[in-house]
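These notes are about the structure you will find just below.
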Amino acid sequence: MGNDDSDKRFATRSVHSGTKHIEGAVNTPIFQSSTYYLSDDRYAGWAAGAQHTLIYSRLSSVNSEACVEKICALEGAEDGELFASGMAAISTVMLGLLSNGDHVVASADVYGGTYGLMTEELPRFGISVTMADMQDPSSYEAAIQENTRMLYIETLSNPVLKVCDVEAMAVIARKHGLLLVIDNTFTSPWGCQPVAMGCDLVIHSTTKYLGGHSDIVGGAVVGRKDLIADLFPKKIHFGGAPDPHACYLLERGMRTLSARMPIHCENAAEIAKRLDSHPKIEKTIHTTLPHHPDFETAQRIMPKGTGMLAFVVKGGDDAALRFMRNLKLIFEATSLGGVESLIECPFNSSHMFIPEPVRTAAGVVPGFVRVSIGIEDVEDLWQDIEQALAQI
Ligand SMILES: Cc1ncc(COP(=O)(O)O)c(C=O)c1O
């Protein structure tokens, strides 16, 4: 499953791996069917646990199978499962693989939905979480208890773009016999390969770079075959399976992943460089800037950069808001990873319910702006940013 194209390079895998050439089709056709004829083969697959057997689309579908095989091929993973959203993937991992009495070490910098799951839902089921600092692997090690089962990290934090030393986290996880689970949404497998660095499970909100066109919501978990086999019945019980049509769009999006990602990253690096010397900008955050606090770690963990960029507009949140509203090309919208550039201020969106002193302590200072840089012409993006800054 997944790795039969392992002799091929990344771009070739992103185009070809997993695609089902049914009836000679070049692309996997859309199988908009909730259920499948039960043949002897399928009864046998059902009796063997039903994983990757076409029985009923809450279990899997032709289109979800194509996507899982492609993501496994891109991440170098043994097996995987697809979900209806990134949060369905994350909650199924947490509630499916952990039990009452277990403990997780995570970070307050994780995606807001994940933070809510960990602080509001997991404790109701007797699963406790200690928040450490993703930027400091020793803080994770210090938080480990006798009942710790999982270390949970993200490649790159949102929105302040801290880089996690995934390799150092893997050493700690191995030393203590713990599961290492990573959310690799912000870099995609093109930018970071967590399985090769020692992660047991890799999660994606496929809504973002993997889908790449802001037209679907989806999630995926790939990694160790034994863990995915444990996860599969939980996915059936919790029911967060993706629709075949969304899977079709995901597969179509992933076929151009290796063509899109370099443009996202090069555009973001170029705009970061220009913003860094702009008189109306107080601070620019991008992993390719040598003054980024994790520059060295980024060079090792995600050397090709990212399309995610953050900066602080002089004059605080009012100025940032005025700048944002002056933009003509870059859309004011939440989410990331699509071909179009999207911008948001955390103070009135992702971080609106976090009190200002807490936000500021986390680095989300007044004037903070987050941009998901798209694949438009970089000069058009720059022109838009420059004219919007000129008006404040
Ligand atoms: C890093 C990260 N993980 C997970 C999620 C949740 O994904 P979804 O919105 O597909 O449920 C998001 C959403 O923004 C995200 O940014």
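When the test is whether a residue is closer than 22 Å to Asn27 by Cβ, within 16 Å of the ligand (Cβ to nearest atom) and in contact (Cβ under 8 Å) with a residue 24 or more places away in the chain, Gly253 passes it. Scan region 188-205 for residues that are within 10 Å of the ligand (Cβ to nearest atom) and either among the polar types (S, T, N, Q) or free of Cβ contacts under 8 Å to residues at least 24 places away in the same chain (or both) and the total you get is 1.
Among the conditions (1) over 25 Å from the mean Cα position of the chain (by Cα); (2) of a type outside the set (A, V, I, L, M, F, W, C); (3) within 16 Å of the ligand (Cβ to nearest atom), Tyr43 misses just one, which is (3). Evaluate region 299-315: report whether one residue or more is in contact with a Cys (Cβ under 8 Å, 6 or more places away or on another chain) and farther than 24 Å from Gly211 by Cα. No, every residue in region 299-315 fails to be in contact with a Cys (Cβ under 8 Å, 6 or more places away or on another chain) and farther than 24 Å from Gly211 by Cα. For Thr92, state whether it is of a type in the set (S, T, N, Q) and in a helix (DSSP H, G or I). It is true that Thr92 is of a type in the set (S, T, N, Q) and in a helix (DSSP H, G or I).
Looking across Val110, Val105, one residue alone is over 19 Å from Leu231 (Cβ atoms) and within 11 Å of the ligand (Cβ to nearest atom). It is Val110. Only one entry of Thr119, Thr148 meets the criterion of being within 16 Å of the ligand (Cβ to nearest atom), in the same structural domain as Ala77 (by TED's automatic domain parsing) and more than 24 Å from Val339 (Cβ to Cβ), and that entry is Thr119. Listed by position, the strands (runs of 3 or more DSSP E) enclosed by region 177-234 that each have at least 2 residues that are closer than 20 Å to Pro137 by Cα and more than 12 Å from the chain's Cα centre (by Cα) are 179-183.
The values are calculated or read from the model by the stated rules, or taken from the named source; none is laboratory data. Just so we're clear, the structure is a prediction, and the values are computed from it rather than from any experiment. Cβ: placed from backbone, ideal geometry, glycine included. Neighbour counts: every protein chain shown.
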